[in-house]
1. Answer yes if at least one residue in the range 182-196 is part of a helix (DSSP H, G or I), touching a residue at least 60 places away in the same chain (Cβ under 8 Å) and of a type in the set (Asp, Glu), and no otherwise.
2. Exactly one condition in (1) at pLDDT below 90; (2) not in a helix (DSSP H, G or I) is not met by Lys73; state its number.
3. So which residues in the range 210-232 are open to solvent by 40 Å² or more (accessible area, probe 1.4 Å) and either in contact with a His (Cβ under 8 Å, 6 or more places away or on another chain) or within 14 Å of His352 (Cα to Cα) (or both)?
4. Determine whether Gln265 is free of Cβ contacts under 8 Å to residues at least 60 places away in the same chain and over 24 Å from Pro323 (Cβ atoms).
5. Test each condition in (1) open to solvent by less than 30 Å² (accessible area, probe 1.4 Å); (2) farther than 28 Å from Asn331 by Cα for Gly283 and report the one that comes out false.
6. Quick one: in the range 1-23, of everything that is open to solvent by less than 10 Å² (accessible area, probe 1.4 Å) and at pLDDT 95 or above, which residue is farthest from Asp63 (Cα to Cα)?
7. Out of (1) out of contact with any Lys or Arg (no Cβ under 7 Å at 6 or more places or on another chain); (2) open to solvent by 10 Å² or more (accessible area, probe 1.4 Å), what's the single condition that is false for Ser152?
8. Among the candidates Val307, Val328, Val336, single out the residue that is under 26 Å from the mean Cα position of the chain (by Cα), in the same structural domain as Leu289 (by TED's automatic domain parsing) and within 18 Å of Asn240 (Cβ to Cβ).
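The values are calculated or read from the model by the stated rules, or taken from the named source; none is laboratory data. Just so you know, these numbers come straight off a predicted model, no measurement behind them. Reconstructed Cβ throughout: ideal geometry from the backbone, glycine too, with neighbour counts over all protein chains shown. Areas reflect the complete protein model, heavy atoms only, side chains present, ligands, DNA and RNA absent. Shrake-Rupley method; radii C 1.70, N 1.55, O 1.52, S 1.80 Å.
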Amino acid sequence: MPTIHLDNLIKRYGDVQVLHGVDLRMEDNEFTVLVGPSGCGKSTTLRMIAGLEDVSEGEIYVDGKPVSHLEPKDRDLAMVFQDYALYPHMNVAQNISFALRLAKRPKAEIDKKVREVAETVGLTDFLARKPGALSGGQRQRVAMARALAKDSGMFLFDEPLSNLDAKLRGQMRAELALMSQRVQKNMIYVTHDQIEAMTLADRIVVMHGGYIQQQGTPKELFQKPVNKFVAGFLGMPPMNFLDGEIEDTGAGVFVKGDGFALKLQGERAATAKAHTNKQITLGIRPSDLSYDADAAPADALTLDVMVSEYVGAQSVLLCRCGPAKVMVEVNSETPVALGQTLTFAVNPNGVHLFDRQSEAAL
């Protein structure tokens, strides 16, 4: 499996620059997910790796060799697109084997490869069917099988699940995760869905505005976001943000804002102390708030419940803290009435502090 290195990649469309010096290294047998909102540059980056977009500046290296001047067919890759791109007049077996037949491989080799990849993606019983007789999930599996049949060094996925319904997306995520374990290849996956990124990736690369904001394991990015954008983008429901100011008092180091005064603990207190009187943004995930009527005021937020969304085992509460809105995850059996004022203890290890101006984590 190749090591892929993007060295200061820049992409311009006329006078408009959409990628600003992307540096990224993807190791052998790594599932890398490029994630971010629409227009962040993730699909453009993937298409440049595939050779479908020209590189304005910089270079793409595969195992140390520059490839940006090569045609897509010469880059040892296979790509799965968002819209399946299957031939409607061919059956599943013919769609899977198309690239092999084009390369004039021996028939016995083609038949063996088709059976292998069909078993890998669960299509053995559908080889004689045409795409029109398949469900959306089955068609996407055919597109994946066609890519796998090429036996390339790397596989590129451009939002392959975005056309599927929610239930089918969940099933296909699980199948993709299993497939990546079996295939043992470099995989680069583009999505705007942070749930897909968190569940599939060995490493997530968060992009915004043509820049890489942060890269690392899902756990690293979730627990230690480098800025407010990454913190708010990863996690569902998203992180709550409250504007406040750091105050060092005789009773401890506090973040105080409209409707709250939260005492910081441990390392966070030590970090905040160096930024006394600084205006910051306090970040707390909904899962780091827990209903506790007896919590000390300095260790909790007092919130007015506005909306309760029942989602089965849990309920998501939309509350008000001063002028700000705060979301809280609670057990659905927790007795909550709209309009109540409740106290929620804050997990001291789940507190995040961001500079109000630069939005960087303190």
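1. yes
2. Answer for Lys73: the failing condition is (2).
3. Step one: list which residues in the range 210-232 are open to solvent by 40 Å² or more (accessible area, probe 1.4 Å), which gives 211-213, 215, 217, 219-220, 222-224, 226, 228-229.
If the condition is that a residue be open to solvent by 40 Å² or more (accessible area, probe 1.4 Å) and either in contact with a His (Cβ under 8 Å, 6 or more places away or on another chain) or within 14 Å of His352 (Cα to Cα) (or both), then Tyr211, Glu220, Phe222, Gln223, Lys224, Val226, Lys228, Phe229 are the ones that fit.
4. No: the conditions fail for Gln265.
5. Every listed condition holds for Gly283 apart from (2).
6. The selected residue is Leu19.
7. Failing condition for Ser152: (2).
8. Checking each option against the conditions leaves just Val328.
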